[in-house]
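Peer 1: Could you have a look at this structure, given as structure tokens, before my questions?
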Amino acid sequence: MRNIAIRGIQILDGEIGLTQLASAIGISLGLADSAVQPGDLPNFGDIVTHGVSEFATSAQGTLADSALQSLAFTQLTDSAGVYSGHGGEGIKVNIGEDGLEYYVITDVGIIAEDIEIENQSSLCNDITVLFTLATSPIANSVELYLNGLLQQEGVGKDYTIDDKEIIFISAPETDDKLIIYYIKTKALEENCYGVSWDESADTYSRVGDLVGQSVGQTLSNSLLPIQAKMRRCVVANNGTVNYYLGATDSTKKADMVTASVLDGTDGQVMVEIPKFWYKHSYAGTTHTWEICNIAKSGYSVHPAFMSDATELDYIYVGAYEAVLYDYSGSAYIDYASGATITPAEDILSSVTGKKPVTNYTRVDGRSMANRRGIGWTGMLYDVYSAVQLLYLIEYASFNSQTMIGSGISNVTDWDTYNNYYPIAPSGNSNSIGNASGNTAGSTECATDSTEYMSYRGIENFFGHIWKWLDGINTNNDRSYICNNIANLADDTSSNYTDIGINNINSDGYQNTMLNISRGFLPASADADSGNKITDYFARYGISGWMFAISGGSSDCGLDAGFFYLRLDYGSGYSDSTVGFRVCFRK
């Protein structure tokens, strides 16, 4: 640590109070203590860094040292480093190597209750670089002290800020003292938008904030603020986000400089999705789905963020198809024919560089996912439908193969290549980070073994291998849904919610949708691969308790996609083409 001087006057390491600041300025300029008197704060510019001998006016002019004789600060809260001036304005003052740096915060009506003070010292552990604030701060209002030393914000400095997330360049050490002051935002800006689909005419239109925008394509992130918050991160077993990954390159941390560790050493590689609200309506032949970033009349928290009546703030979806951690060998393994799975010991994971594990029942997959810790499980139907909804509203088209790409779904030599075991290792999409994209589509396994499709960081959401869905049980033609991990079970409707309508008992390309708000299930299946929902649905008239697998596998061709679903496998089913994806909620 170092001390900071103002023209030779040292402000000792620690919280810089008003009296110290005023006294230091006065002595530095040869002024008597009485020269800095209480009074109104001048109307400074927005963001300025300069020496103590000048201040910028709103017109970016400068004042002589003598102007400091009338300068005054009225302290808003003790040692907060945020000071009020006239008209409800506020100022943050930093003492840096370049002199005084201050930020004027205007027209916010700051009161003492707006100041938040957080002690996050207990989270300092030599590893964690990401610290999350309780609420979003007003821009330029954060003051962060590490062991009493005011830290510098900015690229190449001590830390950066992204909404509520503070990202250090170097992890604070165990026993370091981390105190954070900031002004809380008053309220979030409302962002509500969606899509309508006329299932008779097979036409789309955007609604809410997106009225008039083009359909059948993605839009800029500025128009899709909810989807834009989806991002890859590395998550500890206890649910702590250790750090976020580079927006355009997952092999880097969020600073796009420091190398990330994606092999499980630092945690599981996940995609964070913040809570959102939604609603569905059906009028005539038109379905409308809408989402909103805040609570609003007519909207409900999406069930992916609910555990029965308990509301959750985040879901984390495995960035990769589930990889096996072999407990007996204490290692993540590259799954292939002949590999041994021990469901009573092994753990499902989301790490890079390994082929996903397949060939186990859903109940065994659930057990292996739960073993990572509280809040961990296999992909839930409600979480899956949340991602489907985000995709549909983003692209305003069910045809995900046209919108993003075919994925690993067109191979014709799978049987001779490796007898229908997984083809591609996890992490092929690391080079694009949080973006959506596709490089797959070959008919040869050897070619597609290095390829991928990815939706906003979720690699191979469809294609490559089938993925189990948990939290949905179907008995004959009736489905039941559960989002409480503690109540997940096979062959039962106990502690599950009846969707209230029968599924179709047939197979084919999906034509129309059931009038339900909880997910996407077809009402008819007599379309084709180029029209309507464009993905296949399979039921095959099988009776009894059935489970769901999703997305399609490497040889499904045009059947595969975001909405491909099969409801025709029982509790004892396992296959080399079927695996899982982990998720976590908190």
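Just so you know, all these numbers are worked out from the coordinates, no wet-lab data involved. Since the model is a prediction, treat every value here as computed from it, not as a measurement. Positions of Cβ are backbone-derived with ideal geometry, glycine not excepted, and every protein chain shown enters the neighbour counts.
Peer 1: At what distance in angstrom do the alpha carbon centres of region 332-402 and region 525-586 lie from each other?
Peer 2: Cα centres, region 332-402 to region 525-586: 14 Å.
Peer 1: Sticking with this structure for a sec: Per-residue counts of other Cβ atoms within 10 Å, averaged by peptide: what ranking do you get for 235-241, 254-260, 200-206, 401-407, highest first? Present the calculation step by step, with values, prior to reporting the outcome.
Peer 2: Working: 235-241: 17.4, 254-260: 15.7, 200-206: 14.1, 401-407: 22.0.
Highest-to-lowest ranking by the protection proxy: 401-407, 235-241, 254-260, 200-206.
Peer 1: In whole Hz, what ³J(HN,Hα) sequence does region 200-210 give by Karplus (6.51, -1.76, 1.60; θ = phi - 60°), x for Gly and Pro?
Peer 2: 7, 7, 6, 10, 10, 8, 8, 10, x, 5, 9
Peer 1: Follow-up question, since we're still on this one. Based on the Cα gyration tensor of region 341-454, what are the three equivalent ellipsoid semi-axes, each the root of five times an eigenvalue, rounded to whole Å and given largest first?
Peer 2: On the way: eigenvalues 127, 92, 34 Å².
For region 341-454, the ellipsoid semi-axes come out as 25, 21, 13 Å.
Peer 1: So how far apart, in nm, are the two label points at ALA489 and ILE542 if each is 7 Å from Cα heading toward Cβ?
Peer 2: The two pseudo-label positions are separated by 2.2 nm.
Peer 1: Related question: Could you pull out every one of the lysines with an alpha carbon less than 28 Å from that of LYS279, ignoring same-chain neighbours closer than 8 positions?
Peer 2: Once the sequence-local lysines are set aside, what remains near LYS279 is LYS164, LYS186, LYS229, LYS296, LYS467, LYS532, LYS586.
Peer 1: Projected onto the charge dipole of region 518-574 (+1 at Lys/Arg Cβ, -1 at Asp/Glu Cβ, origin at the Cα centre), which of LEU567, SER553, ILE533 gives the Cα projection farthest towards the positive end?
Peer 2: LEU567
Peer 1: Ok, one more. Could you size up the charge dipole of region 113-183 around its Cα centre, putting +1 on the beta carbon of Lys and Arg and -1 on that of Asp and Glu, and report it in debye to the nearest 20?
Peer 2: On the way: 3 positive and 14 negative charges, 27 e Å.
The calculated dipole for region 113-183 is roughly 120 debye.
Peer 1: Taking every eigenvalue of the Cα gyration tensor of region 113-183, multiplying by 5 and rooting it, what semi-axes result, largest first, whole Å? Provide the component values of the computation, followed by the final result.
Peer 2: On the way: eigenvalues 63, 37, 23 Å².
Result for region 113-183: semi-axes of 18, 14, 11 Å.
Peer 1: Under a 5 Å amide H to amide H cut-off, with H placed in plane at 1.01 Å, what residues pair with PHE547 once short-range neighbours are removed?
Peer 2: Residues meeting the amide H criterion: ASP568, TYR569, GLY570.
Peer 1: Roughly how big is region 383-585's charge dipole about its Cα centre, with Cβ charges of +1 (Lys, Arg) and -1 (Asp, Glu), in debye to the nearest 20? Numbers along the way, then the final one.
Peer 2: Values: 9 positive and 20 negative charges, 140 e Å.
The calculated dipole for region 383-585 is roughly 680 debye.
Peer 1: Order 375-381, 430-436, 220-226 from most to least packed using the mean count of other Cβ atoms within 10 Å. Don't skip to the end; give the middle numbers.
Peer 2: Numbers: 375-381: 23.9, 430-436: 20.1, 220-226: 14.4.
The peptides rank, most packed first, as 375-381, 430-436, 220-226.
Peer 1: Ranked highest first by average number of other Cβ atoms within 10 Å, how do 349-356, 261-268, 207-214, 453-460 line up? Please list the in-between numbers first.
Peer 2: Details: 349-356: 24.1, 261-268: 18.9, 207-214: 14.4, 453-460: 27.5.
Put in order of decreasing packing, that is 453-460, 349-356, 261-268, 207-214.
Peer 1: Just the projected area, averaged over all directions, of the convex hull on the alpha carbon atoms of region 318-405: how many nm²?
Peer 2: Details: hull surface 28.1 nm².
Answer in nm², one decimal: 7.0.
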